[in-house]
Amino acid sequence: VVWNQRRPPFEDIRVRQALSLAFDFTWTNATLLHDHYQRTQSLFDNSDLAATGPAMGGELALLEPWRDDLPAELFEAPYVWPQTDGSGRLREQLRQAADLLAQAGFILNDGILIDARNGEALDFELLLSDSSYERIMLPWMQNLERLGVRATLRTIDAAQYRTRTAGFDFDAMIWHWGVSLSPGNEQWIYWGGDAADDEGSRNYPGLRDPVVDALIAQLSDARSYEDLTAAARALDRVLMWGRHVLPLYYRSGDTLARWADVQHSDVTPLYGVDTLSWWRESSN
């Protein structure tokens with residue numbers, strides 16, 4: 001889920017984090033997704049490019065010049081979204097969310113969360129183009145209602161969705177950024193400050209961050225896999241700590257059915273299933 005930071009109050013990291021805390025992935029996965037998924041915690045999940053543990057080596061060297069602009073905790077570990085007990089009650093996360101919203105200047109008035117500075121209610125529309133997401137998002141909307149947040153779903157056709165998202169005409173939306181094991185210049189379009197107001201770009205959050213721009217430059221200019229990995233991990237760490245998106249879920253493998261006599265190597269490519277290398281063993 002992408003927050004459009006061009007629109008208030010999503011420019012406030014406390015608001016983005018609070019709204020995201022109301023999403024109960026553990027319950028959603030067990031109840032609606034048959035426990036088939038893992039929580040997305042990284043831009044590069046399921047690969048060596050994902051940030052892990054304390055920032056070290058080349059990654060730390062890239063982050064060090066920006067230490068005063070980054071949370072101290074970022075250097076110790078990547079941001080990890082909390083795991084719930086799966087009961088659906090979410091008491092602790094909703095308490096944390098309420099505290100963050102209070103810090104951001106919101107007060108509860110007759111069950112509605114109001115911005116104390118201008119009296120406006122905290123509400124937003126989640127834009128969808130795929131109705132299958134509705135059953136996933138509705139429980140989140142119910143949790144948000146417990147906080148006093150009025151959130152609604154709007155599912156539109158693909159053409160309207162493309163028009164509205166290309167023009168950044170949304171509060172929040174669902175988007176999948178495609179990445180490879182060799183990320184590079186496409187990251188400028190995804191996260192670069194110059195693309196924030198460039199309609200049709202994929203910088204849907206409207207991100208303008210000199211730290212992110214500097215790390216994308218390092219990623220684009222990497223001359224070795226070691227340098228590429230360090231830059232990707234640093235970028236991953238900074239973006240996840242910024243809570244610019246509410247990460248949903250992914251599958252770490254592929255599920256396939258095959259005939260018993262169709263065989264494949266025990267070693268599979270990093271990029272996924274390669275059926276062209278399979279063979280059939282005849283029983284004759």
The base-10 log of I(q)/I(0) that the Debye equation returns for the chain at q = 0.08, 0.16 Å⁻¹, one scatterer per C-alpha, is -0.39, -1.40
For Cα pairs less than 8 Å apart in space and 6+ apart in sequence, what is the mean separation divided by the residue count of the range 2-259, i.e. the relative contact order in percent?
31
How much length is gained if the chain between Asp69 and Ile112 is pulled fully straight, taking 0.36 nm per residue apart and subtracting their Cα-Cα distance, in nm to one decimal?
12.1 nm
Stretch Glu11-Leu276 to full length: gain in nm at 0.36 nm per residue minus the Cα-Cα span?
90.7 nm
Would you work out which of Leu228, Tyr133, Ala196 lies farthest towards the positive end of the dipole of the range 2-259? Charges go on Cβ: Lys and Arg +1, Asp and Glu -1.
Tyr133
Under 1.5 on a/c is rounded, so check that first for the range 72-216, then, if it is not, pick prolate when a/b is larger than b/c and oblate when it is not; a ≥ b ≥ c are the square roots of the alpha carbon gyration tensor eigenvalues.
prolate
For the chain, what is the mean residue ellipticity at 222 nm derived from helices alone (per DSSP H run of n ≥ 4: -39500 (n - 2.57); sum divided by total residues; nearest 500 deg cm²/dmol)?
-10000 deg cm²/dmol
Distance-filtered residues of the range 25-64 - backbone nitrogen under 11 Å, label point 7 angstrom along His264 Cα→Cβ:
none
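All of the numbers you see were taken from the coordinates with simple rules; none came from a lab. On a predicted model such as this, the values are computed, not experimentally measured, just so you know. Positions of Cβ are generated from backbone atoms using ideal geometry, with glycine treated the same way; all protein chains shown enter the neighbour counts.
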